[in-house]
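Here it is, the structure, as C-alpha cells.
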Amino acid sequence: MLKRIASLLQNFPIKSIFITIIIVILLVIGVKNVHMATGNDTLVKSSTDVYQDNLMLEEEFGGESVIVLYESDNLLTPENLAHMKGLESAIQMNDSIYSILSPVTLVEEIANKQSENFQEGIVEVIDGLDTMGNKLIEIGTEMGENAQGNQELEFPQQDGLELPDLGGEGIELPEFDSPELPEFGEIQLPDIEGQLAELNQGFSKLIDAQENLGDGTENLINGYVQFGTKTKELAENLSVLANQIEENPEQAKQLQEVSVGLNQLSQQMVEVSENTTRLPEISTQTINGLQNMQEKLSDQLNEQKKQQEQMQKEQNQMQAEMEERLKQEQAEKEAKMQEEMQRQQKQKQKNIEEKMIAQQNEKEKEMQEFKEKMEGKLGEQAKNLGTLSEGLTEMGENLLTISENMETIHSYSDIMKPGLPTKQATLDNMVYDNGELRSMFKEVIVDDRHMIMMIRFEGDTTDVEKSEVVSTINDYLDKEKMDNVETIVSGKPVLDNGIRLSMQESIQKMMGLALLIMVFVLFIVFKVQWRLMSLLTVIIAVIGTVGLMGWLNIPITMVSMAVFPILIGLGIDYGIQFQNRYAEEMLKEDSDE
C-alpha cells in the first residue's frame, strides 16, 4: 500500500501536490468551524440515561442559570431597577433565554396586577359617576319645577259673622185683661264650632305639609353631606391612582384634573349643605307660627262663644225680670216698657255688631299679616330651591362630563402600559408590606445590600449561545456602569465560558511557545538543509487535525487538548527522521554517480 502511494506520488508529482494543496485549504476552512466545549456532553455520553433524563428536565424546566449580583448600600432604588431593566431588555430577545427572574420582573408583575385593578376601578367609577350625574340632574329638574310652580298658601275663608236676631220688631205687649209676657226672639248664634273645626283642619294640613317639607329638607341636606364625603373620597383615590402611574404623565395629569374637579364638587356640596341648613328651621318656625295662630284663633272663637252664651244668659235673665215687672206693672208701664225694651234691644244689637265686626277685622288683619309673612318665606325658600336646583343640575352635568372623559381615558388605556415606578415611595410600597419585605421578593433580594437577577437558559442551548449571552451581559455592565453599585456575574455558564476562554488562550500560548522552541532546536541541533521543513509538516498536520475536527463538528475539550502536545511531539520526531532519511538517500545517489 505504501509502495503504491509512493509510486503514485513519484509518477504524478504535480497532481499530488495540487490535491494536497486542495485538501489543506479545505482543512484550513474547517478550522473556522471548530469550537471549545465544556458542557455535560464532554464528560458524559449523550446516549446514557442520566444524560437524557437531565436533558428532558432542562427542556421542560430550563437549563443552567446565570446569576447577576447587585451590591450597594442603597440597593432598592428606581435607578438600580431601571439599570436592571436595561440589562433585561438587552438579553430578553435572545431565543436561548428560558426565563428571567429579578426584582424588576416581580415589580412589573405587581404593576400589571395593579393596572388591572385600576382598570376595573375606573369602570366602576365611570358607572358611579353616570348614575350620580343622571340622578342629580333628575333631582335638580324636579326641584326646579317645584320651585317654579304655584306655592301659594290657602287659608281658610272667614265667613261673614251672623249677628244674633234679638227680635226687636216683633215685641207684643200683653193685654190688661189677660196679660201676656213679651216673646223675645231667640238669639241665633253663628256656627262657631263648625268654623273652629274647619279652621283647625286647615291649620293641621298646613302644619303637616310644613313637617313633611322639613323632613324632606333634612334628608336633602344629609344627602348633600354624604355626597360631598363620597366625592372627596373618590377624589383622594384618583389622586393616589395618579401618583402610582407617574410613568404615564398624560394619564396621571388627566386623573389629577378629575381629582381636582371632584374636590371642587365636594366643596360645592358642603357649601350647599351649609347654605341650606336653615331651611329646616324655616319649616319649624312656620309650624310654630301656624300653631300659635291656630291657638289664638281658637281662643278668640272660644271667647266669642262664651260671650254669646253670656248674652243668651243675660237675655234669659232679663226676660225673667221683665216678666216679674210686667206682672206688677202691666197697665201702667206698657208704653214705657215697650219703648225701653226696644231701646235696649237696639243698643245691645248695636254693641254686639260693633264688637263682632272689630273682632273679625282684627282676625282678618292678623291672617293677612301671617299670609304675607308666609308668602315671603315661601318665596325665599323657592328662590333657594331654584338655586339649589341649578347647582344640582350643573353638578350632574359636570359628573357626566367627568365620566365621559374617564371613559375616553379607559378606552385608550391599552396604549398605556404599566412600568417601573419612578418614585422611591411608590417602589417601597410595592416591595414592602408594613415595613416588611414581601415574601415574593425574598428569592431575589438576599438582604439590604444584595439583590440578584437569575437568567435561565433553554435546555438545548449551545455553549456558543451561552457565551453570546454572557458577553452581552458583560458588555452592558461595562458600558452602563453605576456609582456606588458593584455587579458580579456568576453561574456555571459564566464559569464554562471562562474555562473556554482560558483553554483558547492556553492553546495559543502552547502552540506559540512550541513553535519558538522547535525553531530554536532545529536551528541549533539539526544541521541539515531545509531544517524547518519538518516544522512546516507539523504545522500542516496540526492545522489539518483542527480543520478535520471542525468539519466533523468535534469540539475542543479539556480532554482533546492533550492531542496537540502529543501531535507536535510525535510529528516533529517523525518529520526529522523522515527528512534525515531523505537526506541520507540523496547522499547515496550522489556517491553512486
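Of the residues Tyr582, Tyr476, which single one is open to solvent by 80 Å² or more (accessible area, probe 1.4 Å) and either within 30 Å of Leu87 (Cβ to Cβ) or in a helix (DSSP H, G or I) (or both)? Working first, answer last.
Working: Tyr476 fails: open to solvent by 80 Å² or more (accessible area, probe 1.4 Å).
Just one listed residue meets the conditions, Tyr582.
A further question follows. When you check Gln10 against the structure, is it under 56 Å from the mean Cα position of the chain (by Cα), modelled with pLDDT under 80 and assigned to a helix (DSSP H, G or I), yes or no?
Here the answer is no, as Gln10 does not meet what is asked.
Also, I was wondering about something else. Within the range 488-498, can one find any residue that is assigned to a loop (DSSP other than H, G, I, E, B), among the aliphatic types (A, V, I, L, M) and open to solvent by less than 60 Å² (accessible area, probe 1.4 Å)?
No, every residue in the range 488-498 fails to be assigned to a loop (DSSP other than H, G, I, E, B), among the aliphatic types (A, V, I, L, M) and open to solvent by less than 60 Å² (accessible area, probe 1.4 Å).
Looking at (1) of a type in the set (A, V, I, L, M, F, W, C); (2) out of contact with any Ser or Thr (no Cβ under 7 Å at 6 or more places or on another chain); (3) farther than 30 Å from Glu309 by Cβ; (4) modelled with pLDDT of 70 or more, can you tell me which one Ile207 breaks?
Of (1) of a type in the set (A, V, I, L, M, F, W, C); (2) out of contact with any Ser or Thr (no Cβ under 7 Å at 6 or more places or on another chain); (3) farther than 30 Å from Glu309 by Cβ; (4) modelled with pLDDT of 70 or more, only one is false for Ile207: (3).
Considering only the range 104-114, state which residues are over 17 Å from Ala82 (Cβ atoms) and touching a helix residue (DSSP H, G or I) at 6+ places or on another chain (Cβ under 8 Å).
Within the range 104-114, just Gln114 meets the criteria.
Another question, if that's okay. Taking the criterion of being at pLDDT 75 or above, surrounded by 16 or more Cβ atoms within 10 Å (Cβ to Cβ) and part of a helix (DSSP H, G or I), would at least one residue in the range 328-342 satisfy it?
So far as the range 328-342 goes, yes, one or more of its residues are at pLDDT 75 or above, surrounded by 16 or more Cβ atoms within 10 Å (Cβ to Cβ) and part of a helix (DSSP H, G or I).
Would you pick out the residues in the range 100-116 that are of a type in the set (Ser, Thr, Tyr) and part of a helix (DSSP H, G or I)?
Within the range 100-116, Thr105, Ser115 meet the criteria.
For residues in the range 47-99 being of a type in the set (D, E, K, R) and assigned to a loop (DSSP other than H, G, I, E, B), which is farthest from Ile473 (Cα to Cα)?
So the residue we want is Asp73.
Within the range 487-521, how many residues turn out to be modelled with pLDDT under 85 and in contact with a Ser or Thr (Cβ under 7 Å, 6 or more places away or on another chain)?
Summing the residues that are modelled with pLDDT under 85 and in contact with a Ser or Thr (Cβ under 7 Å, 6 or more places away or on another chain) in the range 487-521 gives 4.
Write out, first by first residue and then by second, each pair whose Cβ atoms fall under 6 Å of each other, whose residues are 6+ apart or on separate chains, and whose first residue, in the range 487-504, is touching a residue at least 12 places away in the same chain (Cβ under 8 Å) while the second is among the basic types (Lys, Arg) and open to solvent by less than 60 Å² (accessible area, probe 1.4 Å).
Correct list of pairs: Pro493/Lys466.
May I pose another question? Among the residues of the range 443-460 satisfying the criterion of being acidic (Asp, Glu) and loosely packed, with under 14 Cβ neighbours inside 10 Å, which is farthest from Leu81 (Cα to Cα)?
Among them, the one singled out is Asp460.
With open to solvent by less than 100 Å² (accessible area, probe 1.4 Å) and of a type outside the set (Phe, Trp, Tyr) as the only criterion, which of Leu587, Leu532, Leu552 stands out?
Just one listed residue meets the conditions, Leu532.
Out of (1) open to solvent by 90 Å² or more (accessible area, probe 1.4 Å); (2) modelled with pLDDT of 80 or more, what's the single condition that is false for Tyr412?
(2)
Note down all Cβ pairs under 8 Å where the first residue falls in the range 6-19 and is closer than 18 Å to Phe578 by Cβ, the second is among the hydrophobic types (A, V, I, L, M, F, W, C), and they're at least six residues apart or on different chains.
Once the first residue is closer than 18 Å to Phe578 by Cβ and sits in the range 6-19, its partners that are among the hydrophobic types (A, V, I, L, M, F, W, C) give Ser16/Leu8; Ser16/Leu9.
Test of understanding: among Glu145, Glu138, which residue is within 30 Å of Gln381 (Cβ to Cβ) and modelled with pLDDT of 80 or more?
Of the residues listed, the single one that is within 30 Å of Gln381 (Cβ to Cβ) and modelled with pLDDT of 80 or more is Glu138.
Which one of these is of a type outside the set (Gly, Ala, Ser), open to solvent by less than 50 Å² (accessible area, probe 1.4 Å) and in contact (Cβ under 8 Å) with a residue 24 or more places away in the chain: Val107, Val123? Show your work before the answer.
Numbers: Val123 fails: open to solvent by less than 50 Å² (accessible area, probe 1.4 Å).
Only one candidate qualifies: Val107.
Within the set of pairs 6 or more residues apart or between chains, which connect a residue that is more than 24 Å from Ser96 (Cβ to Cβ) inside the range 56-85 to a residue that is of a type in the set (Gly, Ala, Ser) with Cβ atoms less than 9 Å apart?
As it stands, the answer is Asn80/Ser72; Leu81/Ser102, since those pairs meet every condition given.
The values are calculated or read from the model by the stated rules, or taken from the named source; none is laboratory data. Here the structure is a predicted model, which means the values were calculated and not measured. All Cβ positions, even for glycine, are placed from backbone atoms using ideal geometry, and neighbour counts span all protein chains on display. Heads up: the accessible areas ignore ligands, DNA and RNA and are worked out on the full protein's heavy atoms, side chains in. Shrake-Rupley method; radii C 1.70, N 1.55, O 1.52, S 1.80 Å.
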